[in-house]
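Structure, as structure tokens:
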Amino acid sequence: MQLVFSGIQPSGVPQLGNYLGAMRNWVALQDRHDCIYCVVDLHALTTWQDPKQLAAQTREMTASLLACGIDADRHILFNQSAVHAHARLAWIFNCVARMGWLNRMTQFKDKAGKDRENVSTGLFVYPNLMAADILAYKASRVPVGDDQRQHLELANDIAQKFNHDYGVDFFPVIEPVIMGVAARVMSLRDGTKKMSKSDPSDQSRINLTDDADAIAQKIRRAKTDPHPLPEAPAGLEGRAEARNLVGIYAALADSDLAGVLAEHGGKGFGAFKEALAERLIAHLAPIAAETRRWLADPGAIDAVLRQGAARAAAIADPIVAEAERLVGLLRP
């Protein structure tokens, strides 16, 4: 089976967008691939982190992944900083990648904004570390959202340049895996913005540990418009909030926009929101309970991460050691 690698930042307990856009797909991939999943705490350092909070959020994200169905026995789950091969290969890739390539990364431009001169250099070379994350395992398949496609293309450019510069066929071509309906879940308060943990309003998102009352309340208060639901997807044009809620329902129902609107089109949002809240509660309640169970035993979480890191290092260390040998680094 092809090897899959993917990582997620330790933002604490994830929200619905993380689940529908990535985590649920990770679970599905386990049946068809050998999977390595990583909580990317080194990437988190590109912006300042409170040390105690970063450690806690790493455990929270791990607990949520396990609760969603990541099988840490059959596959590998670990935190990035525990496997030093990532940082070792990232430095080599810092020296292989070109400034012009990194200057074209739209995510850096978006995150840096007008304050580009004051952001960390880590944010600028973030894509090189992402390439190292994947290629340290010679993974060939990576589930990504559209916003990460450019980084994946850069990872392939780095791999090809490494192979060319050193006259080898060492690193493979990486192929993106685009999966799932509602890969982009938007804010419940503004349908033009992605659902995010960084939004100051907790009403803008569904957290995976929200209880039934909180979920129902947030969905009832979700921003909509005064018009009924259309009977076909074309009627969602220009209605960002309506499209978002229909998309969430479609993802949870394993359906599509047309299928949801065939059932609910022509109705007002009151009844639709009740149906959506019921579906969310039924889907997320077991995940919330399992997350809380893991969080009650941080030692068990650390044991999963420790065992995963040992298994990941057993794969990555020989690959990165060979990359170091190929570039001429001496290990007496």
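Structural remarks
- Around Ala285: net Lys/Arg minus Asp/Glu count, Cβ-Cβ under 14 Å: -2
- In terms of other Cβ atoms within 10 Å, Thr121, Thr62 run from fewest to most in the order Thr121, Thr62.
- Cβ-Cβ distance of Ile178 and Arg293, R₀ of 45 Å, FRET efficiency by 1/(1 + (r/R0)^6): the value works out to about 0.90.
- Among Leu102, Leu77, Leu66, residue whose mean-square fluctuation peaks in a GNM of the chain (springs only between Cα atoms under 10 Å): Leu102
- Only Cα pairs under 8 Å and 6+ residues apart enter the sum, and on that basis the relative contact order of the chain stands at 24 percent.
- Counting neighbouring beta carbons within 10 Å and listing from fewest to most, the residues Ile178, Ile215 come out as Ile178, Ile215.
- Surrounding net charge for Ala262, when Lys and Arg each add one and Asp and Glu each subtract one, Cβ distance under 15 Å: -3
- Rounded to the nearest 10 degrees, the angle from helix 298-327 to the longest Cα principal axis of the chain is 40 degrees.
- Degrees separating the helix 269-295 axis from the principal Cα axis of the chain, which is the longest one: 40
- Positive minus negative residues near Ala251 (Lys, Arg vs Asp, Glu; Cβ under 14 Å): +2
- Cα gyration tensor, the stretch 238-281 - rounded (a/c under 1.5), prolate or oblate: rounded
- Among Val119, Val39, Val96: highest mean-square fluctuation, GNM of the chain, C-alpha pairs under 10 Å: Val119
- Taking 18 Å as the limit for the C-alpha separation, the pairs Lys52/Lys111; Lys223/Lys273; Lys52/Lys193; Lys194/Lys218 exceed it in the case of Lys52/Lys111; Lys52/Lys193.
- Amide H contacts of Arg141 (H built 1.01 Å from N, in plane; Pro and chain starts excluded): Leu3, Phe5, Glu175 sit under 5 Å, all sequence-distant by 5 or more or on other chains.
- Exposure proxy ranking, count of Cβ atoms within 10 Å, fewest first, for Ile70, Ile158: Ile70, Ile158
- Degrees between helix 126-135 axis and first principal axis of the chain (Cα, 0 to 90, nearest 10): 80
Every number here is computed from the coordinates shown, using simple stated rules; none is lab data. Computed from a prediction, not measured in an experiment: that's the story for all the values here. We place every Cβ from the backbone using ideal geometry, glycine too, and count neighbours over all the protein chains shown.
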